[in-house]
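In what follows, a single structure is set out as structure tokens and then discussed.
No value in this document is a laboratory result; all are computed from the given coordinates. No experiment lies behind these values; they were computed from the predicted model shown. For neighbour counting, all protein chains shown are included, and Cβ atoms are generated from backbone atoms with ideal geometry for every residue, glycine included.
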Amino acid sequence: MRGGQLVAEGPTADLMTPELLRTVFDVEVEVHELAGRRIGVLWS
């Protein structure tokens, strides 16, 4: 959600993308897979 509006829905693996995280949270991140899970790493 952003501004009270649903931005996307689906499985976490599909939603954990740099583009979507940038849109929702206004941050620049790289997404990596670690032990079968996706993690976001902030960068500037």
Candidate set: region 17-44, residues that are at negative phi and assigned to a loop (DSSP other than H, G, I, E, B); chosen: the one surrounded by the most Cβ atoms within 10 Å (Cβ to Cβ): 17
Name the residues in region 1-16 that are touching a strand residue (DSSP E or B) at 6+ places or on another chain (Cβ under 8 Å) and assigned to a loop (DSSP other than H, G, I, E, B), would you? 16
If we scan region 4-16, do we find a residue that is under 10 Å from the mean Cα position of the chain (by Cα) and surrounded by fewer than 11 Cβ atoms within 10 Å (Cβ to Cβ)? yes
